[in-house]
Amino acid sequence: PIQVTAWGFALGTGCPEIDYFFADPVVVPENERQFYAEKIYDLPCVMTMYFPPDLPLLRPSSPPCERNPFFTFGCFARHEKISEAYLRACREILLRVPASAMMFKDRSFENAYARARVTYLLDGVDSKRLLFMGQSGRLEHMAMYQAADLILDVFPHSGGATAIEEVASSVPLLTLRGNNIAGRLSASLLTAIGYPELIADTIEQYVDFAVTLSDNREFLKHKRARLQNELMESPVIKGYCGAVERAYREFWRTYCAT
């Protein structure tokens, strides 16, 4: 008699038969809730992730820029999420930080077309500063996150599970707060673990933040040492399932009472 929707379908359903929508104040701000058919119920974060004990997380590493003569930006999103607007922002960042490189990792980059598209839209950036990697096993994939000094989250569709993995690898993540649920996932995550300073509200601000952070090595080093532990101790991981179970009980009691 009670139906609930949650992250997976990245919007409200528009169906009055669906009673509740699990969200949070970041992905569905208060002033937008009137437009949903469902009643919005806030969780600590719109997403969570389970990390199997037989696949232990790598310990936080020192920033690569401490041993490299350049600063490394990273993008681990699926190729279809890498928009032209995002690449134009990356182009400006790379041009403003000349001693930098950018790493892209997705199985699509095993295809020449995907590599050519990114290189074309990053015109003016020496192709030697661009590193493309394809598919790999999970442990190697998790290790590759740590090869980046700062991860530049994609937009308009931000990272989801990938964003959680990046933070779990203790690598700082910069995101742009979007204008819909799919564009606010990483902002939800960073808010839940207490890092609103890594959320930009405009593309111009996003570019400026990336440039500034590339020069603030102490800030990044400090965050890199703490991010993994703060995520694992946060309500995103520890409190999520309990919050869902309490919500189910609350929904049932409300139903029985009415």
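The values are calculated or read from the model by the stated rules, or taken from the named source; none is laboratory data. Because the structure is predicted, anything quoted here is derived from the model rather than measured. Here the Cβ positions follow ideal geometry from the backbone for every residue, glycine too, while neighbour counts run over all protein chains shown. The area values use the complete protein model at the heavy-atom level, side chains included, leaving out ligands, DNA and RNA. Shrake-Rupley method; radii C 1.70, N 1.55, O 1.52, S 1.80 Å.
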*asked:* Could you compute how much accessible surface Trp7 exposes when probed at 1.4 Å, giving the result in Å² to the nearest 10?
replied: 90
*So how exposed is His141, as accessible area in Å² (1.4 Å probe, rounded to 10)?*
40
*Per residue, how much space in cubic angstrom lies within the convex hull of the C-alpha atoms of region 92-183?*
113
*Can you quote the Å³ per residue value for the convex hull of the Cα atoms in region 118-161, rounded to an integer?*
117
*Could you tell me what % of all Cα pairs in the chain have separations over 29 Å?*
33
*asked:* Normalised by the empirical 2.2 N^0.38 Å for globular proteins, what value does the Cα Rg of region 40-115 take?
replied: 1.48
*Under Stokes-Einstein, with the Kirkwood radius over Cα pairs standing in for Rh, what whole-number D in µm²/s applies to region 178-254 at 25 °C and 0.890 mPa s?*
166
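At 0.36 nm per residue, minus the direct Cα-Cα distance, what do Phe70 and Glu30 gain on full extension? Give it in nm, one decimal, please. Write out the running numbers ahead of the final one.
Working: separation 40, 0.36 × 40 = 14.40 nm, distance 4.25 nm.
Full extension from Phe70 to Glu30 adds 10.2 nm.
Over the chain, calculate the relative contact order: mean separation of alpha carbon pairs under 8 Å at least 6 apart, over the residue count, as a percent.
Answer for the chain is 22 percent.
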*Arrange the residues Glu250, Glu38 by how much accessible surface each exposes, largest first, with a 1.4 angstrom probe.*
Glu250, Glu38
*Taking Lys223 as the anchor, which aspartates and glutamates have their alpha carbon closer than 12 Å to its alpha carbon, excluding any fewer than eight residues away along the same chain?*
Asp149, Glu197
*Hey, how many Å between the Cα centroid of region 91-128 and the Cα centroid of region 180-258?*
28
*Compute the FRET efficiency between Ser62 and Arg246 as 1/(1 + (r/R0)^6), taking r as their Cβ-Cβ distance and R0 = 41 Å, and round to the nearest 0.05.*
0.55
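How high is the FRET efficiency from Ala161 to Arg96, r the C-beta distance, R0 30 Å, rounded to 0.05? Walk me through the numbers before you get to the answer.
Working: r = 30 Å, r/R0 = 1.01.
After rounding to 0.05, the efficiency reads 0.50.
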*With r as the distance between the Cβ atoms of Tyr113 and Glu84 and R0 = 22 Å, compute the FRET efficiency 1/(1 + (r/R0)^6) and round to 0.05.*
0.90
